[in-house]
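Enquirer: Once you've had a glance at the structure underneath, I'll fire off some questions.
What follows draws every value from the coordinates through simple rules; no lab data is involved. In this text the structure is predicted, and so the values were computed from the model without any measurement. Methodologically, a virtual Cβ is constructed for each residue, glycine included, from the backbone with ideal geometry; neighbour enumeration extends over all protein chains shown.
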Amino acid sequence: MSARIRKIVVVVEETRSEMGRPVEPPTRKAAAVAVIANPFAGTYQEDLSELIAMGEELGALLGQKAVEALGIAPAQVESYGKAAVVGENGELEHAAALLHPKLGAPLRKAVEKGAALVPSSKKRGGMNAPIDIPLGHKDAAFVRSHFDAMEVRVPDAPRANEIVVAVAVTDSGRPLPRVGGLTVSEIKGEDGLR
């Protein structure tokens with residue numbers, strides 16, 4: 001079964017200055033967010049395979065929309081992340097079913113590779129609940145300059161019987177990073193760590 005999508009929101013954030021210093025080129029993040037009906041709202045369901053299948057569908061759709069929003073080639077994406085907010089009649093396991101078993105593979109395809117785990121977060125919340133989408137380098141989890149997050153919210157979601165699902169991608173790390181660690185130029189991209 002396909003996800004019943006009420007709306008899709010796409011947001012691009014561009015940082016041009018940090019602490020009075022120019023950021024050149026600007027750092028950019030994009031999030032693609034879907035508001036979907038929760039088929040299991042208000043009930044306990046042992047088999048969550050319907051949500052797992054929706055996760056796969058949403059990983060492809062939202063991954064593509066986020067990359068397109070940055071206007072870059074998929075291979076130019078540097079970081080990614082995923083998150084979900086479940087409305088009050090749902091449970092955290094509904095978010096887990098959407099995010100974990102199958103959403104990652106189509107997201108990796110949308111960004112061409114993605115050897116590292118996709119950082120994720122989930123919570124229950126009401127309308128206009130902020131979503132903190134954690135970010136990490138797509139090919140090497142130890143790249144500290146890319147430990148970040150993007151906050152988004154949808155003013156009228158999630159309603160009690162909905163789930164907000166979000167994917168974020170970047171074309172760079174944080175503005176003006178200087179905490180050391182593995183650099184982008186040192187990435188091997190073989191084990192998802194380095």
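Enquirer: Please work out which one of (1) over 18 Å from Ala34 (Cα atoms); (2) touching a strand residue (DSSP E or B) at 6+ places or on another chain (Cβ under 9 Å) is the condition Lys109 fails and give its number.
Expert: Failed condition: (2).
Enquirer: Okay, next question. I'd like to know if the range 161-173 contains one or more residues that are under 19 Å from Ala97 (Cα atoms), surrounded by fewer than 21 Cβ atoms within 10 Å (Cβ to Cβ) and in contact with a Gly (Cβ under 7 Å, 6 or more places away or on another chain).
Expert: Just the residues of the range 161-173 that are under 19 Å from Ala97 (Cα atoms), to begin with: 161-168.
Subsequent filtering for residues that are surrounded by fewer than 21 Cβ atoms within 10 Å (Cβ to Cβ) retains 161.
Now drop any that are not in contact with a Gly (Cβ under 7 Å, 6 or more places away or on another chain), which leaves 161.
Yes, that holds for at least one residue.
Enquirer: State which residue pairs qualify: first residue more than 20 Å from Ala73 (Cα to Cα) and touching a residue at least 40 places away in the same chain (Cβ under 8 Å) and inside the range 92-113, second residue part of a helix (DSSP H, G or I) and of a type in the set (Asp, Glu) in any location, beta carbons under 6 Å apart, and separation of 6 or more residues or different chains.
Expert: Lys102/Glu56
Enquirer: Looking at the range 44-59 only, could you name the residues that are surrounded by 17 or more Cβ atoms within 10 Å (Cβ to Cβ) and not acidic (Asp, Glu)?
Expert: Listed by number, the residues that qualify are Leu48, Leu51, Ile52, Ala53, Met54, Gly55, Leu58, Gly59.
Enquirer: Just the residues that are surrounded by fewer than 24 Cβ atoms within 10 Å (Cβ to Cβ) and either touching a residue at least 60 places away in the same chain (Cβ under 8 Å) or among the aliphatic types (A, V, I, L, M) (or both), please, taken from the range 126-139.
Expert: Met127, Ala129
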